[in-house]
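Written below as structure tokens is the structure these notes are about.
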Amino acid sequence: MELADYLRVLRRRWWLVALAIVVCATGAFAASLTQTPRYTSGVQLLVGGSPSETGNEELVARQLAAQRAGSYSLLIPAPPAVADIAQRAGVVGGNPVVTATADGTSPYINVSVTADSPQKAQKIAAGYGRWTAQVVSTLEQRPATSSVKISVMAQPGLPTSPVSPNPLRNLLIGAAIGLVLGLGSALGREALDARVRDSSEIEKLTGVTLLGSIPKEHSGDSLPTITRPRSGRAEAYRHVRTNLEFTSVDGMPRSIVVTSPAPGEGKSSTAANLAIVAARSGRNVVLVDADLRKPTVAKYFGVQASVGLSDVLNGRWRWQEALVPVQGENLHILASGPVPRFPSELVGSARMAAVIQELEEAFDFVIVDSPPVLPVSDALVIGVNVGGVVVVARMIETRRAALKRAVDAVAKVNATLLGVIGNAVVKHEEKAYGEGYGYAYGYTSSASEEPSAPPVVAPAERRAPESHRRGRHARPADGPPPAAVPVEPSAPAGEQRAPDVVPPAYPAYPAQTYPAQTYPTQTYPAPTYPAQPGPDLTVDLRGSHQPAQFGASEQGFGAGRPPAQHPAPYPVIPPSAAGSLFADAQYPPGGYPQAPVPPPQPPFVAPSSPPASWADEPWGMPPQGSGPLSPPDALRLDDIMRQRPKD
């Protein structure tokens, strides 16, 4: 580890170091308060004595005094000597502690007495000045003829402050001990931590490409690429899109599957935002929710789809009928649909591979959101049918072993692993955070950004692309067609897509109020028109879209009127069919001629679905001679009037 790594560990585990310092310092201070105060008093003694009978020189006397001072310094702190001096001084208890020092070159002895009270310490120190010679002679068992001379050089004083405990000194010592323990704990915890904290560790651990690092900001927005398009998180998704374009020499793959080692690592939100930024780059994108166990893509876009991928794989619907377009984006969504009993078998079927292939032909980019790799095998069976696999790892939550196992599992099925995306990167955890996102954050923070409107899914009927509308399968007879997706609009039309540049703010002007204008009411008489004689019309209702048979009756068009007055034949409409449409028409006297009786027709049976060739006919009507129709379709007065001869 380098120095920067140690500093990063301290910055990451600072709370552990601070906790150790506080605990140790607090403990030392509390221990100081519980201790009994101790007071110290001292006295300085001078050892002297006559030299031996054979030498009277001064040098010999000094050497003898220095030697005695050294030996006496060892006898004075002895427990028998301390007890004897305390008894002679009349001190009971106090736990006296006596220390004596001599340098061995001088005849001086420094005696220090520590007791529970200042008076006891002073009395014992003064007793050493009086009775040290007698006590030493008794301990050495000297003869009476030998004399020991000990003089007091400095009288002991009365101490005014205790020498122990020292709260400040103990506090500093405790803080130092806590610092050492905290540093050791931080380094040990860092060595034992099995989670991925830095996105730079991903390449070292897995050996695959790091496609990008998504910062942890605006965690409440599932789609920041729409609500906050200028944020650093949205820019990070664009960075991932750009890196995907250079994953191979052929450019961006036509289809990818987005997965993660474990649940809750942000794979679905990553797939949704990646689909949005790819669609805004000019591509026609489809987002497939293949997580048939816990689907979440539909919730991000507010789609309440009852038809989805599971229905397509079961053969009940075509994928063209299950697509839901996103308003204002080059994006379509294929929801997961009802949860099936066997999800792995469905996504691993040949039908799933065919659907992905058809989507690749119809769209520029296909993004598949799949379940995690380690709990289930859905992502692996999908990964062999797409152009590549992208693994999402959430920082501070994904364990190194889990990420390594996920990458190895993708490699074992011979799927193409495009790279790993680091999600929810924390600023102080990332080594290269300032290098990768400092410019983006500084650039986007120049203006306050308000959240844009969420995406609106078009509530219109699902429609397939133009190249797939012809020849669609008939809907099953035992179920109704899919209803329109009920989506509550989040914002008025025209404001669904956030602008790339924030428009300047203009001052608001007060609303102007104008008085209501009143105008006089004009009354016009109702026009009257003379009654005009109308032609006699008859229509044959036996066929649909069959031209009416025109021809005059053998008796003419009325009694007493020659046929020459009617040079052009007109169709004859029975009164029951005409109804009120020709109520104002003038019909000839004598009644209407009888229309020929049509032959018996079989009962009408409505087809379960229109033939495929009807899609090219106007109004969905069949061509001529295609068979019987229902009565509402048969009565097409505009067609009848269009076929009427000109007067």
What is the spin-label model distance, in nm, from Glu2 to Asn95 if the labels are put 7 Å beyond Cα along the C-beta direction? 5.5 nm
Please label the shape of region 234-327 as rounded, prolate or oblate, based on the square roots a ≥ b ≥ c of the eigenvalues of the alpha-carbon gyration tensor (a/c under 1.5 means rounded; beyond that, a/b larger than b/c means prolate, else oblate). prolate
Calculated FRET efficiency for the pair Gln119/Ile396, C-beta based, R₀ 56 Å, to 0.05: 0.30
In Å², nearest 10: area of Tyr108 left accessible to a 1.4 Å probe: 90 Å²
Counting only protein heavy atoms and leaving out ligands, DNA and RNA, the solvent-accessible surface of Asp103 at a 1.4 Å probe, in Å² to the nearest 10, equals 100 Å²
Treating only the Cβ atoms of Lys and Arg (+1) and Asp and Glu (-1) as charged, compute the dipole magnitude of region 282-352 about its Cα centre; round to the nearest 20 debye. 120 debye
Take Lys299 and Val23, extend 7 Å from each Cα along the Cα→Cβ direction, and tell me the distance between the two endpoints in nm. 3.9 nm
Relative to the present Cα-Cα distance, how much length would full extension add between Asp408 and Trp15 at 0.36 nm per residue of separation? 137.9 nm
Principal axes of region 363-412: Cα extent on each, largest first, Å: 36, 22, 16
26 Å Cα-Cα reach of Lys123 towards lysines, excluding residues that sit fewer than 8 places from it in its own chain: Lys149
Treat each spin label as a single point 7 Å out from the Cα along the C-beta direction, and report the Leu168 to Met153 distance in nm. 3.1 nm
Please give the per residue accessible area of region 267-369, computed with a probe of 1.4 Å over protein heavy atoms only, in Å². 34 Å²
Under the Karplus curve 6.51 cos²θ - 1.76 cosθ + 1.60, θ = phi - 60°, whole-Hz ³J(HN,Hα) for region 183-199, x wherever Gly or Pro sits: 5, x, 5, 5, 5, x, 5, 5, 5, 8, 6, 9, 9, 7, 10, 10, 5
Rounded if a/c under 1.5, otherwise prolate or oblate - region 264-317, Cα gyration tensor axes: oblate
Judged on accessible area alone, 1.4 Å probe, highest first, Ser248, Ser260, Ser137 line up as Ser248, Ser137, Ser260
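The values are calculated or read from the model by the stated rules, or taken from the named source; none is laboratory data. In this text, all values refer to a predicted model and were calculated from it rather than measured experimentally. Here the Cβ is made from the backbone with ideal geometry for all residues, glycine too, and neighbour counts use every protein chain on show. Note: accessible area is taken over every heavy atom of the protein model, side chains too, but ligands, DNA and RNA are not part of it. Shrake-Rupley method; radii C 1.70, N 1.55, O 1.52, S 1.80 Å.
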